[in-house]
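See structure below.
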Ligand code: DGY
């Protein structure tokens with residue numbers, strides 16, 4: 001008997017084909033966002049769930065999952081939406097999809113840097129609304145990216161690819177992480193043991209860290225004050241790392257010249273202040289949204305399921 005797998009969102013066709021071949025999948029062809037109650041009901045009799053970060057598998061939800069569930073194979077690298085302790089408590093294995101989205105997310109981070117620095121939202125709006133009238137030396141002047149210092153919080157897989165792409169713009173890379181990386185992984189990046197040490201070196205600041213209680217509101221008013229005047233902040237990790245009120249105040253005062261954001265607190269009902277500001281470049285959480293990467297994420301999630309049901313340890317086990 002093929003195991004029954006609850007798949008919470010519409011996945012790429014090739015991934016769903018493989019699911020149909022190897023499992024009894026309960027698919028969601030309309031891609032409707034399930035409530036917790038619907039997810040729990042949908043999991044009845046299933047051995048596995050393949051969720052995305054859009055499903056919050058809190059301790060309360062995990063406690064109510066049917067006993068048949070043995071593995072949660074996330075279609076995401078982030079797993080902050082899953083209460084790992086609760087899963088461990090119930091003996092449920094949890095996996096994620098690292099590595100396969102590093103290129104796509106790093107590309108998006110570079111887009112955020114360029115979009116924020118070169119005022120892409122303002123420019124696009126002018127053209128689309130037929131308000132573009134003229135050219136002048138003082139028109140739409142932004143910040144140059146080339147040759148600037150980029151500070152990265154979290155020089156993991158995605159952070160390192162972003163650093164590599166940024167070096168294509170002759171950027172000098174600085175980073176903060178919990179531990180200093182070996183030189184082969186630093187590739188010349190300058191380590192700073194605390195965020196406070198890093199921030200004064202950041203003409204651009206990019207977040208690629210994991211969402212944990214320790215990184216919550218990491219960028220707050222006190223730390224923003226340590227940035228050089230006119231710095232640019234970008235975030236393609238998780239919205240929780242930013243204190244929205246503090247960043248919006250800094251964008252209004254000009255302390256932060258611009259922000260490029262792909263992730264937010266309380267998505268998709270983001271802080272309205274971001275929408276109102278001209279100096280924000282806003283994307284709707286699409287860091288991994290390329291055809292190649294979404295296929296690869298699906299295959300990676302299925303590789304984890306395959307290993308688990310073959311009695312092996314899944315490569316990307318996080319709990
Ligand atoms: C991830 O994989 O964590 C992305 O944010 C999409 O969920």
Filter result (more than 16 Å from the ligand (Cβ to nearest atom) and either loosely packed, with under 15 Cβ neighbours inside 10 Å or part of a loop (DSSP other than H, G, I, E, B) (or both)) within the range 263-296: 269, 271, 272, 275, 276, 277, 278, 279
Residue pairs meeting the criteria (Cβ under 9 Å; at least 6 apart or on separate chains; first more than 21 Å from residue 297 (Cα to Cα), in the range 42-56; second within 13 Å of the ligand (Cβ to nearest atom)): 42/8
Residue within the range 244-262 that is buried (at least 21 other Cβ atoms within 10 Å of the Cβ), assigned to a loop (DSSP other than H, G, I, E, B) and assigned by TED's automatic domain parsing to the domain that holds residue 161 present: yes
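Residues that are out of contact with any helix residue (DSSP H, G or I) (no Cβ under 8 Å at 6 or more places or on another chain) and either within 16 Å of the ligand (Cβ to nearest atom) or modelled with pLDDT under 95 (or both): find the helices (runs of 4 or more DSSP H) completely inside the range 46-156 holding 1 or more of those.
Working: elements: 59-64, 84-89, 102-117, 120-128.
Filter on the range 46-156 gives 84-89, 102-117.
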Qualifying residue in the range 214-236 (condition: within 16 Å of the ligand (Cβ to nearest atom), part of a loop (DSSP other than H, G, I, E, B) and modelled with pLDDT of 95 or more): yes
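The values are calculated or read from the model by the stated rules, or taken from the named source; none is laboratory data. What you see is a predicted model; the values in this text were computed from it and never measured. Ideal geometry is used to build each Cβ from the backbone, glycine not excepted, and the neighbour counts take in all protein chains shown.
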